1. For residues in segment 204-214 being surrounded by 16 or more Cβ atoms within 10 Å (Cβ to Cβ) and of a type outside the set (A, V, I, L, M, F, W, C), which is nearest to residue 189 (Cα to Cα)?
2. Find all pairs meeting these conditions: Cβ atoms under 7 angstrom apart; at least six residues apart or on different chains; first residue within segment 167-196 and more than 16 Å from residue 156 (Cβ to Cβ); second residue assigned to a loop (DSSP other than H, G, I, E, B) and of a type in the set (Ser, Thr, Tyr).
3. Does residue 174 meet the test of being outside any helix (DSSP H, G or I) and hydrophobic (A, V, I, L, M, F, W, C)?
4. Return a yes/no flag: does segment 122-132 have any residue that is under 23 Å from residue 230 (Cβ atoms) and assigned to a strand (DSSP E or B).
5. Is there a residue in segment 98-111 that is assigned by TED's automatic domain parsing to the domain that holds residue 236 and assigned to a loop (DSSP other than H, G, I, E, B)?
6. Does at least one position in segment 171-183 carry a residue that is within 30 Å of residue 104 (Cα to Cα) and within 22 Å of the chain's Cα centre (by Cα)?
7. When the residues of segment 215-231 are narrowed to those that are crowded, with 24+ Cβ neighbours inside 10 Å and small (Gly, Ala, Ser), which ends up farthest from residue 201 (Cα to Cα)?
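The values are calculated or read from the model by the stated rules, or taken from the named source; none is laboratory data. Quantities reported herein were computed from a predicted structural model and do not represent experimental measurements. We place every Cβ from the backbone using ideal geometry, glycine too, and count neighbours over all the protein chains shown.
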Amino acid sequence: MANADLDKQPDSVSSVLKVFGILQALGEERENGITELSQRVMMSKSTVYRFLQTMKSLGYVSQEGESEKYALTLKLFELGAKALQNVDLIRSADIQMRELSRLTKETIHLGALEEDSIVYIHKIDSMYNLRMYSRIGRRNPLHSTAIGKVLLAWRDTAEVQEILQHVEFTRSTARTLGSTEELLPVLEKVKAQGFGEDNEEQEEGLRCIAVPVFDRFGVVIAGLSMSFPTIRFSEENKKDYVSMLHRAASALSSQMGYHDYPF
């Protein structure tokens, strides 16, 4: 895009376009000086310098010693790798989730940690008329969801406290946990038994069971869950559902490179 076109854009849009123009130019050459970059992206040296310093402070650009040469760091690669991991995870999970849906006819979710919330990254709807309302991309609290508890349970206490430090423990129902102090012993139980539960904590009349999915390093990268109305719940069903979820999550973890699924 020509510089004249950039000038016609709103300031925020123009800034974003300039940032990505600089990043693209840096990606095409190993090292670039400010003069060279300003010529390639058709911006003033002062503008390029200002953006470079911001990107440097954020860790996306490095400066070679005391020279005026700048280069990309691996931070963008890390972001891309995370995106690819989610794509691979969803593709592999879809097979397991559809089989769980076939066997149980209930709603199946795959959720991941996003800052201080759970975000649903894949879903298979229930085959029953009475079902859970949710959508891919929707965020929910960690403390009141089965997947949220699973995503936290394998982390150390300090990390859990850091993740939850700004969370408002809103009580969706009378059963919702009200603080980190209430949640921590629950997380110990989740890790010991190998699954998390939402017993009408997020929504009255709805239960959910979730199990962990591990990456090749043994880190929990997602939770796999099954949701159903309380009227379709029984302890016998719960035991069977946990076993099914564990089998599916074990297969999925294996595909992610982790072959020592503990349950």
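1. Step one: of segment 204-214, the residues surrounded by 16 or more Cβ atoms within 10 Å (Cβ to Cβ) are 206-214.
Subset that is of a type outside the set (A, V, I, L, M, F, W, C): 207, 212.
Values: 207: 17, 212: 14 Å.
Filtering first and then ranking leaves 212.
2. 169/179; 172/144; 176/144; 177/144
3. yes
4. Initially, segment 122-132 is screened for residues under 23 Å from residue 230 (Cβ atoms), giving 123-132.
Narrowing the set further to residues that are assigned to a strand (DSSP E or B) leaves 123-124.
Looking for residues that are under 23 Å from residue 230 (Cβ atoms) and assigned to a strand (DSSP E or B), one finds at least one in segment 122-132, hence yes.
5. Here is the first cut: in segment 98-111, the ones assigned by TED's automatic domain parsing to the domain that holds residue 236 are 98-111.
After this cut, where a residue has to be assigned to a loop (DSSP other than H, G, I, E, B) as well, the list is 105-106.
Checked against the condition, which is being assigned by TED's automatic domain parsing to the domain that holds residue 236 and assigned to a loop (DSSP other than H, G, I, E, B), segment 98-111 yields at least one hit.
6. Filtering segment 171-183 down to residues within 30 Å of residue 104 (Cα to Cα) leaves 171-177, 183.
Next, from what is left, pick out any that are within 22 Å of the chain's Cα centre (by Cα): 183.
Yes, segment 171-183 has at least one match.
7. Initial filter on segment 215-231 (crowded, with 24+ Cβ neighbours inside 10 Å): 222-227.
Adding the requirement that they be small (Gly, Ala, Ser) leaves 222-223, 225, 227.
Details: 222: 20, 223: 17, 225: 15, 227: 12 Å.
The residue in question is 222.
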